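Trainee: Structure incoming, see below.
What follows is calculated from the coordinates using simple rules that are stated; it is not laboratory data. Here the structure is a predicted model, which is why all the values come from computation and not from measurement. Glycine also receives a Cβ, built like all others from the backbone with ideal geometry; neighbour counts cover every protein chain displayed.
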Amino acid sequence: MVQLVVALRVERLALVGCGPVARSGMGPERAARAASRLGGDGPLAVLGLCGGLTGEVAPGTLLVASEVRGPDGVVPCTAPEALGAALGARVGPLVSSERIVRGGAARAALAADGALAVDMESYWLAGAAAGRPLAVVRGVVDVPGRELLRPLATASAALRALRALRAAVPALERWAHAAPLTF
């Protein structure tokens, strides 16, 4: 069975009935603390909402991270292309930031090396995978030009993204059974 981890209460609520879901809290400090408490030897899946960095992803788009980039390096994800194909999701690099990224220039700087989206937890939660398969699946809430400051557009995109995350759980279970025991 895949171990599911989310940051926010709303993400956890979206997954009610999908099995046990751990919640880390928002931001790098909370994510790092949660990672130190996550145990187990099965596959780990980090799910939640994110911000798009380019026009390649629209609000509501599901993203499967090929790798997670953070301040101290890069963590590769396990079989992202297969999971992305099973979900009909976009696959590409995700960058984790220590704070919310606002403004086109800040997003463009993160996208300059190919990253498609940004979050605030995946990099720090990925440390809990330590030798076991890792998947990171994020739903895009906002993009350059349509940032969090537009409440109605944000709420609509968040609902689409949360529905997509819930629908992703069966494919994550299949991915977990097919993933190698160690990575």
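Trainee: Between A85 and A106, what is the FRET efficiency for a Förster distance of 25 Å, r being their Cβ-Cβ separation, to the nearest 0.05?
Mentor: On the way: r = 31 Å, r/R0 = 1.25.
Rounded to the nearest 0.05, the efficiency is 0.20.
Trainee: Determine the gain in length on full extension of the stretch D113-S36; use 0.36 nm per residue of separation and subtract their C-alpha separation, reporting nm with one decimal. Kindly include the intermediate steps, with their values, before the conclusion.
Mentor: Values: separation 77, 0.36 × 77 = 27.72 nm, distance 2.96 nm.
Once the chain is fully extended between D113 and S36, it gains 24.8 nm.
Trainee: Could you work out how much longer the chain between E29 and R163 gets when fully extended? Use 0.36 nm per residue separation minus the Cα distance between them, nm to one decimal. Walk me through the numbers on the way to the answer.
Mentor: Numbers: separation 134, 0.36 × 134 = 48.24 nm, distance 2.72 nm.
Going from the current span to full extension adds 45.5 nm.
Trainee: From the list [x] 0.99; [y] 0.93; [z] 1.06, can you say which value of Rg/Rh (Cα atoms, Kirkwood Rh) was derived from the structure given?
Mentor: Checking each listed value against the structure points to [y].
Trainee: Counting DSSP beta bridges in the chain, what percent are antiparallel, to the nearest 5? Don't skip to the answer; put the middle values down first.
Mentor: Values: 10 of 32 bridges.
Here the share of antiparallel DSSP bridges comes out near 30 percent.
Trainee: Between L44, L116, L159, where does the largest GNM mean-square fluctuation fall for the chain, given springs only between Cα atoms within less than 10 Å?
Mentor: Taking springs between Cα atoms under 10 Å, the residue moving most is L159.
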